[in-house]
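A.B. asks: Have a look at this one.
The values are calculated or read from the model by the stated rules, or taken from the named source; none is laboratory data. No experiment lies behind these values; they were computed from the predicted model shown. A quick note on method: Cβ atoms are made from the backbone with ideal geometry, for glycine too, and the neighbour counts reach across all protein chains shown. The protein model used for the area step is the full one, side chains on, heavy atoms only, and it has no ligands, DNA or RNA in it. Shrake-Rupley method; radii C 1.70, N 1.55, O 1.52, S 1.80 Å.
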Amino acid sequence: MKKCDKCNIEIETKQLYCPLCHQVLTGETDPSFIEVYPEYVSLTRKILPTVKKTLLLLSILAIVIVALINTLAFNGVYWSLIPIGSTLYFWLLLRVGVLSRRNMAFRIAFLTVLLIALLVLIDYRTVPENNGWSFDYLMPLLLFSCNLAIFFIILVRRLNYRDYFFYLLIVIVFSLIPLILVAFDVLTILWPSLVAFGLALFILLFLIVFFPKTIKEELQKRFHA
Amino acid sequence: MIDTTKYKSWFRLDNSAKIFPEVSTERDTNTFRVQIALTEVVEPEILQLAAIGILERYPMFRVRLKHGVFWNFLDRNTKDFKIQEMGHEVNARMDTKDNNNFLFRILYRNNLIAIEMFHSLGDGGGVIMFLQSLIYEYLKLKGYPVTPDNIIKTKEGRPLEEEYEDANEKYYNKKNRKHVPEKKAYRIKGTMIPNNNTGMVSGILSTKAVLELSRSVGLTMTQYFSALMMYVIYNTQIRYRGHLKTNQAPVKIFVPVNLRKHFPSETLRNFSNFVKTELVMTDDDITLEELFVLVKEQFEKGMTKEELIRKMSENVAFEKNFFLKFMPYYIKKVALKIGYNMLGMKLNTMSLTNIGKIVFPESMEPYIKDVSAVVCAGSYNTVNCAILSYKDQLKITISRSILETNIEKEFFRHFTDLGLSVTIESNYVEEFV
Ligand SMILES: [Zn+2]
């Protein structure tokens, strides 16, 4: 035991000073004594941040340069939005799709929506007389794949399938959008939207028949007030 | 493997738990620790088995936090729980990524076993029961002849529905929910410890000696400590500087009250309220004896059943407010955060928790050296205090987010000056560079 003569307290430690008044302690502590609490270990920075920062710098530089060229030599088209959009997509793909440890269904749903946005952007920034394919084909078909992917995750990962349920319900609701757009004559080609909606409807019925309790519970917990 | 259909799969956050996820930061983590020192070195493999085993008895801790459209909720967590080696951090933010989304962690080091828990999951009362069960399971797996003696909830038992209940709601009284506006409290100033680290100084005293001391002036132990803390804050921070504007705010000691002792409830979730002692301390000649009288009076006023129900109902009424209730989650989050940062967190100078006496079955006592509790120290409540006793050891742990230790020094010197012996433990946060 060591002692602080000023505070009149006893302490077992290999440190030399009193934690209360910072005066030197007297007495000895057994050399085999292990400190009650651990020492400070500075959280070692991994190499990753340096790589990440370099990539980030390059991305920002590229965006600025492309935007500058586009504005200085403006030819009537904002073509720079395509490389800028792709760069942002790359970052979000890395951040949300690869590095994030979030729910897989969330990542799939998020990246699908983002990819649709990017493709729509590319579509409307390229050959003007030929656009509309992103809305007509890609949006419904991507929603179709997304639905299918999350549905399979739920079937395969039985143990924690409930974690993916809510995202699947959201994507199912999203799958209605192309069909609504067809109804309002925004989209001209019917079959991809119909396929996407058909799958969504099938999955929804499947869930209602086989997991009625989970659906009810999922809605209850997400909407309780 | 746990049968996911056997127990309730999700829980609403209880009334007091709702605010914590929205306002917690790296500094104000709203995490607290209870810790046991065994008489022997901990074996991590066995502790891991004990943890997995006992989680079956406590399904309400096997959860993760999720967002709903209006409120957060606790949802069953199907991931594996893993114990961790104790690092230098004390009550660090519950990093849910590193912790498989669990809202508590079990730490070990040498002969220590600690549970750190996020406040949304429960309060000190619930976590002590959980820790006792964990230690029991651990000792049993080690092959020691321990018996539960109706004190410990063992893994063979089954959870009661009452353990999940939000008891605040049960005792809520619409007619007694008057809102009493409050003023900002005095803030203890100091140099913030870098990197959000927490300083921790514990003093071990004799329970009997301190009990006698407080009884000699007609107070309970908690009342004695509150008065002493006010006096120490006054002496180290305010005395002779009462003319300064910042020193004119009242010193307020926030003392949590375990409502399980006042209203019957088996809940493991948050069921505590508080009593506050407060005084504007600008006079130059306040004595400890005056504070004894003041604290006794304020405790008695604040602890009547009626007043406790009023405070409980005030909180519940806030949550039941129609606009807040149906405000979409992300807007609610911002609103709560702003309200909390502007006023909510500034209502107390210090929180002083007395968890009370921890009792173990006699068969477990030979393996347990001491028990302690640590509350988090934040950006406004820079110094906080947690007290508990086990056998004749009274352990007072003062945690701080500032480097200065004047309060600790004066607090413990009060006892040594009276001739009581004090043994100190510290995590020497001064060395954290
Ligand atoms: Zn000293």
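A.B. asks: Do any residues in the range A:77-89 that are part of a helix (DSSP H, G or I) have Cβ atoms under 8 Å from those of residues that are among the hydroxyl-bearing types (Ser, Thr, Tyr) and open to solvent by less than 60 Å² (accessible area, probe 1.4 Å), where the two are at least six apart or on different chains, and which pairs are they?
C.D. replies: A:ILE82/A:THR126; A:THR87/A:SER59
A.B. asks: Of all the strands (runs of 3 or more DSSP E) wholly in the range B:334-433, which have at least 2 residues that are in contact with a helix residue (DSSP H, G or I) (Cβ under 6 Å, 6 or more places away or on another chain)? Step through it out loud before you land on a result.
C.D. replies: On the way: elements: B:350-357, B:368-374, B:383-390, B:393-400, B:423-426.
Result: B:350-357, B:383-390, B:393-400.
A.B. asks: Let me ask something else. What is the one condition in (1) over 26 Å from the mean Cα position of the chain (by Cα); (2) surrounded by fewer than 19 Cβ atoms within 10 Å (Cβ to Cβ); (3) modelled with pLDDT of 85 or more; (4) not acidic (Asp, Glu) that A:SER193 does not satisfy?
C.D. replies: Of everything listed in (1) over 26 Å from the mean Cα position of the chain (by Cα); (2) surrounded by fewer than 19 Cβ atoms within 10 Å (Cβ to Cβ); (3) modelled with pLDDT of 85 or more; (4) not acidic (Asp, Glu), A:SER193 misses just condition (2).
A.B. asks: Spot the failing condition for B:GLU56; the list is (1) open to solvent by 10 Å² or more (accessible area, probe 1.4 Å); (2) within 20 Å of the chain's Cα centre (by Cα), and only one is missed.
C.D. replies: B:GLU56 satisfies all of (1) open to solvent by 10 Å² or more (accessible area, probe 1.4 Å); (2) within 20 Å of the chain's Cα centre (by Cα) except (2).
A.B. asks: Which condition breaks for A:ASN103 when tested against (1) free of Cβ contacts under 8 Å to residues at least 12 places away in the same chain; (2) surrounded by 13 or more Cβ atoms within 10 Å (Cβ to Cβ); (3) of a type outside the set (Val, Ile, Thr)?
C.D. replies: Only one criterion is unmet by A:ASN103, namely (1).
A.B. asks: Can I ask one more? Does B:GLU431 meet the test of being at pLDDT below 95, within 12 Å of another protein chain (Cβ to nearest Cβ) and open to solvent by 30 Å² or more (accessible area, probe 1.4 Å)? Quick ask: steps written out before the conclusion?
C.D. replies: Details: at pLDDT below 95: yes; within 12 Å of another protein chain (Cβ to nearest Cβ): yes; open to solvent by 30 Å² or more (accessible area, probe 1.4 Å): yes.
Considered against the rule, which asks whether it is at pLDDT below 95, within 12 Å of another protein chain (Cβ to nearest Cβ) and open to solvent by 30 Å² or more (accessible area, probe 1.4 Å), B:GLU431 comes out as yes.
A.B. asks: Quick check on this structure: which one of A:PHE206, A:PHE166 is open to solvent by 40 Å² or more (accessible area, probe 1.4 Å) and either in a helix (DSSP H, G or I) or within 13 Å of another protein chain (Cβ to nearest Cβ) (or both)?
C.D. replies: A:PHE206
A.B. asks: Quickly run through the range B:381-426 and pick out the residues that are within 9 Å of chain A (Cβ to nearest Cβ), open to solvent by 10 Å² or more (accessible area, probe 1.4 Å), touching a strand residue (DSSP E or B) at 6+ places or on another chain (Cβ under 8 Å) and not hydroxyl-bearing (Ser, Thr, Tyr).
C.D. replies: Across the range B:381-426, the qualifying residue is only B:GLU425.
A.B. asks: Next question, about the same structure. Among the residues of the range B:243-253, is any open to solvent by less than 40 Å² (accessible area, probe 1.4 Å) and within 16 Å of the chain's Cα centre (by Cα)?
C.D. replies: So the first thing to find is which residues in the range B:243-253 are open to solvent by less than 40 Å² (accessible area, probe 1.4 Å), and the list is B:247, B:249-253.
Now drop any that are not within 16 Å of the chain's Cα centre (by Cα), which leaves B:253.
Yes; the residues of the range B:243-253 include at least one that is open to solvent by less than 40 Å² (accessible area, probe 1.4 Å) and within 16 Å of the chain's Cα centre (by Cα).
A.B. asks: Related question: Which strands (runs of 3 or more DSSP E) does the range B:1-106 wholly contain that include 1 or more residues that are modelled with pLDDT under 90? Spell out how you get there, then give the answer.
C.D. replies: Working: elements: B:10-12, B:31-38, B:63-67, B:72-76.
The qualifying strands (runs of 3 or more DSSP E) are B:10-12, B:63-67, B:72-76.
A.B. asks: Right, something else. Away from chain A (no Cβ under 14 Å), at negative phi and surrounded by fewer than 16 Cβ atoms within 10 Å (Cβ to Cβ): is that true of B:GLY378 in this structure?
C.D. replies: Working: away from chain A (no Cβ under 14 Å): yes; at negative phi: yes; surrounded by fewer than 16 Cβ atoms within 10 Å (Cβ to Cβ): no.
Judged against the criteria, B:GLY378 is not a match.
A.B. asks: So in the range A:13-39, with the set limited to residues that are surrounded by 16 or more Cβ atoms within 10 Å (Cβ to Cβ) and more than 9 Å from the ligand (Cβ to nearest atom), which one is nearest to A:LEU94 (Cα to Cα)?
C.D. replies: Among residues in the range A:13-39 that are surrounded by 16 or more Cβ atoms within 10 Å (Cβ to Cβ) and more than 9 Å from the ligand (Cβ to nearest atom), the one nearest to A:LEU94 (Cα to Cα) is A:PRO38.
A.B. asks: Right, something else. Across the range B:197-239, what is the total count of residues that are over 24 Å from A:CYS21 (Cα atoms) and either within 14 Å of chain A (Cβ to nearest Cβ) or not in a helix (DSSP H, G or I) (or both)?
C.D. replies: Here the count works out to 4.
A.B. asks: Taking the options A:ILE177, A:ILE189, A:ILE170, A:ILE208, name whichever one is in contact with a helix residue (DSSP H, G or I) (Cβ under 6 Å, 6 or more places away or on another chain) and not small (Gly, Ala, Ser).
C.D. replies: Numbers: A:ILE177 fails: in contact with a helix residue (DSSP H, G or I) (Cβ under 6 Å, 6 or more places away or on another chain); A:ILE170 fails: in contact with a helix residue (DSSP H, G or I) (Cβ under 6 Å, 6 or more places away or on another chain); A:ILE208 fails: in contact with a helix residue (DSSP H, G or I) (Cβ under 6 Å, 6 or more places away or on another chain).
The conditions single out A:ILE189.
A.B. asks: For the range B:290-327, which residues satisfy the criterion of being assigned to a loop (DSSP other than H, G, I, E, B) and modelled with pLDDT of 90 or more? Talk me through it step by step, then tell me what you get.
C.D. replies: Within the range B:290-327, the first condition is being assigned to a loop (DSSP other than H, G, I, E, B), and the residues that meet it are B:303-304, B:321, B:326-327.
If the condition is that a residue be assigned to a loop (DSSP other than H, G, I, E, B) and modelled with pLDDT of 90 or more, then B:MET303, B:THR304 are the ones that fit.
A.B. asks: So, in the range B:109-135, of the ones that are open to solvent by less than 10 Å² (accessible area, probe 1.4 Å) and more than 18 Å from B:ASN30 (Cα to Cα), which residue ends up nearest to the other protein chains (Cβ to nearest Cβ)?
C.D. replies: Selected residue: B:LEU112.
A.B. asks: Within the range B:324-375, count every residue that is within 14 Å of another protein chain (Cβ to nearest Cβ) and closer than 27 Å to B:PRO194 by Cβ.
C.D. replies: 2
A.B. asks: I'm trying to understand the selection: among the residues of the range B:302-324, which are open to solvent by less than 60 Å² (accessible area, probe 1.4 Å) and either at positive phi or not small (Gly, Ala, Ser) (or both)?
C.D. replies: Taking the range B:302-324 and keeping what is open to solvent by less than 60 Å² (accessible area, probe 1.4 Å), we get B:302, B:307-314, B:316-317, B:319, B:324.
Matches in the range B:302-324: B:GLU307, B:LEU308, B:ILE309, B:ARG310, B:LYS311, B:MET312, B:GLU314, B:VAL316, B:GLU319, B:LEU324.
A.B. asks: Let me ask something else about it. Is there a residue being closer than 14 Å to A:MET104 by Cα, modelled with pLDDT under 85, touching a helix residue (DSSP H, G or I) at 6+ places or on another chain (Cβ under 7 Å) and in a helix (DSSP H, G or I) anywhere in the range A:130-151?
C.D. replies: The first filter runs over the range A:130-151 and keeps only residues closer than 14 Å to A:MET104 by Cα, leaving A:146-151.
Narrowing the set further to residues that are modelled with pLDDT under 85 leaves none.
For the range A:130-151, residues closer than 14 Å to A:MET104 by Cα, modelled with pLDDT under 85, touching a helix residue (DSSP H, G or I) at 6+ places or on another chain (Cβ under 7 Å) and in a helix (DSSP H, G or I): absent.
A.B. asks: Go through (1) more than 16 Å from the ligand (Cβ to nearest atom); (2) surrounded by 11 or more Cβ atoms within 10 Å (Cβ to Cβ) and name the single condition A:LEU72 misses.
C.D. replies: A:LEU72 satisfies all of (1) more than 16 Å from the ligand (Cβ to nearest atom); (2) surrounded by 11 or more Cβ atoms within 10 Å (Cβ to Cβ) except (2).
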